[in-house]
Amino acid sequence: MSFSKDFMWGVATAAYQIEGAYNEDGKGLGIWDTYSRLPNTIKNGENGDISCNHYHLYKNDIKLMKEMGIKNYRFSISWPRVFPDGIGKVNKQGLEFYSDLVDTLLENGITPLVTLYHWNLPNALQRKGGWLNPESSDWFADYTKVIVDHLSDRVTYWITINEPQVFVGLGYKDGVHAPFYKLPTSELTQMSHNILLAHGKAVRTIRQYAKKKAIIGFAPTGPCSIPHSRSTEDIEVARKCSFALDRDNFIFTNSWWGDPIVFGQYPEEAHKALGEDMPSINPGDMAIISEPIDFYGANIYQSQNAFATPKYPGQPVTSLGWAITPEVLYWSPKFLYERYKLPILITENGMAGCDLVHLDGRVHDDYRIDFLTRYISALKQAVEDGIEVMGYMHWSFLDNFEWAKGYAPRFGLVYVDYLTQRRIIKNSGYWYKKVMGTNGESL
Ligand code: NCW
């Protein structure tokens with residue numbers, strides 16, 4: 001048994017990273033629009049003001065998707081584009097953009113997967129304390145309701161929140177992503193709890209108001225450990241590490257987020273590690289947080305061991321320094337599926353490269369083809385071993401603004417010349433077309 005006939009092959013992007021048009025048609029500002037302007041925050045002082053100008057070029061971009069045989073597209077909605085002040089007044093033009101985007105996708109035979117939060121919190125809400133404000137989960141539910149009212153007649157797949165580990169960890173603990181804060185542990189735990197509540201309330205809102213069947217999940221970063229060998233002992237050690245948690249790293253773990261969402265409780269280890277710093281939990285909170293979902297999304301790039309232990313000299317890495325560990329696309333889906341017992345959707349996987357246009361006008365990114373052949377083959381093995389995997393969304397469709405690292409790291413299957421906004425399908429884009437078209441048989 002290999003990839004099932006209805007396996008979802010696709011590509012992913014996020015609003016702030018591709019849209020540009022940061023202050024057009026009534027859009028409000030988000031924390032990335034605002035805080036990326038602070039000196040010494042983003043590489044080369046870059047920002048997403050214009051980026052790929054996808055807001056204006058989306059029709060061409062979707063044409064390109066069709067040409068590439070893409071059947072599923074995961075994109076995110078910019079909260080401040082729809083609610084300039086985060087709550088209250090709705091910006092009709094913002095909503096229309098996403099409605100037109102969905103229509104154009106469907107006209108081209110592409111299924112939309114909507115991510116509600118991919119990091120650009122409305123600035124007006126950050127000023128009210130952002131995710132630390134006890135009302136933040138209600139703000140998110142209200143925003144979700146408006147999106148569901150407008151799009152759920154045509155959208156089936158919903159992803160509430162992208163990589164809570166990363167936006168909390170890098171944005172509020174390490175201070176290297178917007179809003180560049182370094183908060184104490186007690187605030188980070190309470191913020192996490194509020195975000196989990198926001199997720200749960202969004203799930204409830206979608207279920208209650210969706211005009212047709214909704215398939216809902218979230219998209220945490222999901223790296224697991226790779227066992228040192230295939231012995232039962234080593235596999236169990238790796239499994240344990242994959243869900244372990246301590247005081248220093250709890251934010252970046254799988255279990256801090258996954259356990260409350262799926263099991264309705266924080267891991268036992270969290271109570272031990274965090275003690276008094278655990279969030280205050282009101283009656284009913286855990287039931288909201290664990291509102292049943294349909295799939296477990298996971299963004300998977302490198303193994304958990306690769307973060308923790310020194311890499312051996314010369315270990316292959318991508319242009320962001322992320323270790324190339326293809327087997328993580330076998331072990332992560334396996335461990336996540338066996339623990340949470342939900343179908344897995346690979347919501348992101350891919351690599352950053354220093355891609356460039358060669359003299360013949362093409363982008364010869366053969367390293368990306370090699371990378372993807374290895375990673376997707378590992379995923380195929382997981383499927384063959386009985387792990388339920390719904391689909392694979394490649395990160396990313398286009399080269400884009402890579403947050404604090406700016407424009408140099410290029411993740412796209414399509415090259416973007418930021419000076420002219422010209423797009424060039426990379427060799428990997430043609431290669432992926434064949435993989436999707438043969439349902440993975442060409443690997
Ligand atoms: S930065 C990041 N990414 C990239 C980004 O473009 C995308 O928006 C994200 O969903 C590609 O995929 C995600 N992830 C940050 C990973 C850093 C992990 C640091 C963990 C330290 C222990």
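The values are calculated or read from the model by the stated rules, or taken from the named source; none is laboratory data. Everything numeric in this text was worked out from a predicted model, so none of it was measured. Counting neighbours? That spans all protein chains shown, and the Cβs are built from the backbone with ideal geometry, glycine included.
Would you call GLN265 modelled with pLDDT of 95 or more, away from the ligand (no atom under 16 Å from the Cβ) and not hydroxyl-bearing (Ser, Thr, Tyr)? Answer is yes for this residue. Close Cβ contacts (under 8 Å, 6 or more residues apart or on different chains) running from residues in region 13-34 that are more than 12 Å from ASN120 (Cα to Cα) to residues that are of a type in the set (Ser, Thr, Tyr) and assigned to a strand (DSSP E or B) comprise THR13/TYR73; THR13/SER76.
Selection of region 293-325 for residues being in a helix (DSSP H, G or I) and either free of Cβ contacts under 8 Å to residues at least 12 places away in the same chain or closer than 29 Å to VAL203 by Cα (or both) yields GLN304, ALA308. Whether a residue is of a type in the set (Gly, Ala, Ser), touching a Ser or Thr at 6+ places or on another chain (Cβ under 6 Å) and not in a helix (DSSP H, G or I) was assessed, and GLY391 does not pass this test.
Applying the criterion of at least 1 residues that are among the hydroxyl-bearing types (Ser, Thr, Tyr) and away from the ligand (no atom under 16 Å from the Cβ) to the helices (runs of 4 or more DSSP H) found wholly in region 117-179 leaves 136-151.
Scanning region 336-358 for residues that are buried (at least 22 other Cβ atoms within 10 Å of the Cβ) and more than 16 Å from the ligand (Cβ to nearest atom) yields LEU336, ILE344. Scan (1) under 12 Å from PRO223 (Cβ atoms); (2) in contact (Cβ under 8 Å) with a residue 60 or more places away in the chain; (3) within 16 Å of the ligand (Cβ to nearest atom); (4) not in a strand (DSSP E or B) for the single condition TRP331 breaks and write down its number. Only one criterion is unmet by TRP331, namely (3).
Filtered by the rule that a residue be of a type in the set (S, T, N, Q) and within 16 Å of the ligand (Cβ to nearest atom), region 215-239 gives THR221, SER225.
Only one entry in GLY406, GLY412, GLY386, GLY437 is out of contact with any strand residue (DSSP E or B) (no Cβ under 8 Å at 6 or more places or on another chain) and within 28 Å of ASN44 (Cα to Cα), namely GLY406.
Taking the stated definitions as given, is ILE50 among the β-branched types (Val, Ile, Thr) and within 30 Å of LYS433 (Cα to Cα)? Answer is yes for this residue.
When GLY361 is tested against (1) among the small types (Gly, Ala, Ser); (2) more than 30 Å from HIS199 (Cβ to Cβ); (3) within 13 Å of the ligand (Cβ to nearest atom), exactly one condition is not met: (3). Test LYS433 against the stated conditions and say whether it is charged (D, E, K, R) and farther than 30 Å from GLY264 by Cβ. Criteria met by LYS433.
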